[in-house]
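Reading through the structure tokens given below for one structure.
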Amino acid sequence: MIEQQPIKDFLDSLASDSPTPGGGTAAALSAAMSCSLMAMALRVSQKKVQDPTMQEAAAKLDHIRSELLDLADKDAEAFEAYMRARRLPKDTESQQQERKQAMTKALIQATQVPLSTMQAIGEAVKAVAGKTAENVLPSVASDLYSGIKLAQAAMQCAFANVKINSTKEETQPLYKEAVDLLHNFEEVVTGLEQTAKSLLGII
């Protein structure tokens, strides 16, 4: 499991000539770091602000972070399954049909995983948006802002992975869902980013 690897070992794997782990895994891990930073900002603030919604949001971010760590592993597994399907024999018509079906199934899964990452990121920013973010202390505003920017980057990376896998008719509904998720995310995160900027005094 990726979460049990030393950071250096993971980064070495990411930089290797192996296609896994790749961008989808990196997106999920970046999003997990985003959740951690935003949760920390909420917990530090909650000690002084005494806002119960902060503790609830932080707990939700912890749960989402756990989901994202699982998705980081699943992304690599999904791509490896697709590559195994591509290597299936294709000498006979029956083998060709079996290979095609296996590849389509694996491609759908390889598209679903980064889509799930996008869904998780969207839920993370929703948990923080609004009054919850407005009550964050200025002393941890940079951590909140960093978490938001990581979420934005992770969302774009996950979307790119959905897009590159959307080469078949069977994956088009997933791509359309990803487009909607991205638009909804932008609506929420724009306001959240402005809140963090205001706390930082960089508007």
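The values are calculated or read from the model by the stated rules, or taken from the named source; none is laboratory data. No experiment lies behind these values; they were computed from the predicted model shown. Here the Cβ is made from the backbone with ideal geometry for all residues, glycine too, and neighbour counts use every protein chain on show.
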**OP:** May I ask you to list the residues in the stretch 157-181 that are among the charged types (D, E, K, R) and either touching a helix residue (DSSP H, G or I) at 6+ places or on another chain (Cβ under 6 Å) or touching a residue at least 60 places away in the same chain (Cβ under 8 Å) (or both)?
**Re:** LYS168, GLU170, GLU177
Subject >> Single residue of SER13, SER18, SER45, SER34 found to be of a type in the set (Ser, Thr, Tyr), farther than 26 Å from THR104 by Cβ and surrounded by fewer than 22 Cβ atoms within 10 Å (Cβ to Cβ) >> reply: SER13
Original post:
So is GLU177 at pLDDT below 95, in a helix (DSSP H, G or I) and closer than 26 Å to ALA106 by Cα or not?
Top reply: no
Subject >> Counted residues, the stretch 98-131 - those being more than 25 Å from ASP75 (Cα to Cα), modelled with pLDDT of 95 or more and part of a helix (DSSP H, G or I) >> reply: 1
Subject >> Given (1) surrounded by fewer than 24 Cβ atoms within 10 Å (Cβ to Cβ); (2) under 16 Å from LEU182 (Cα atoms), number of the condition ALA141 does not satisfy >> reply: (2)
**OP:** Give the residue, chosen from ASP9, ASP51, ASP73, that is free of Cβ contacts under 8 Å to residues at least 60 places away in the same chain and of a type in the set (Asp, Glu).
**Re:** ASP9
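May I ask you to list the residues in the stretch 37-70 that are of a type in the set (S, T, N, Q) and closer than 21 Å to ASP9 by Cα?
Filtering the stretch 37-70 for residues of a type in the set (S, T, N, Q) gives 45-46, 50, 53, 55, 66.
SER66, the sole residue that qualifies.
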**OP:** Tell me which residues, restricted to the stretch 81-101, are surrounded by 15 or more Cβ atoms within 10 Å (Cβ to Cβ), under 26 Å from the mean Cα position of the chain (by Cα) and either of a type outside the set (Ser, Thr, Tyr) or over 30 Å from GLU123 (Cβ atoms) (or both).
**Re:** ALA81, ALA85
Subject >> Enumeration of residues in the stretch 144-163 that are within 10 Å of the chain's Cα centre (by Cα) and surrounded by fewer than 17 Cβ atoms within 10 Å (Cβ to Cβ) >> reply: ALA153, GLN156
Subject >> Residue check, GLU123 of a type in the set (Asp, Glu), in contact (Cβ under 8 Å) with a residue 12 or more places away in the chain and touching a Lys or Arg at 6+ places or on another chain (Cβ under 8 Å) >> reply: yes
Original post:
Quick one: in the stretch 14-24, which of the residues that are hydroxyl-bearing (Ser, Thr, Tyr) and at pLDDT below 95 is farthest from ALA120 (Cα to Cα)?
Top reply: SER18
**OP:** Considering each residue of the stretch 164-174, count those that are part of a helix (DSSP H, G or I) and buried (at least 16 other Cβ atoms within 10 Å of the Cβ), and give that number.
**Re:** 3
Subject >> Test result for ASP51, under 28 Å from LEU144 (Cα atoms), of a type outside the set (Val, Ile, Thr) and at pLDDT 95 or above >> reply: no
Original post:
Being closer than 21 Å to LYS168 by Cα and touching a Pro at 6+ places or on another chain (Cβ under 6 Å), is that true of even one residue in the stretch 84-92?
Top reply: no
Original post:
Is it the case that some residue within the stretch 97-106 is over 27 Å from ALA58 (Cα atoms) and in contact (Cβ under 8 Å) with a residue 24 or more places away in the chain?
Top reply: yes
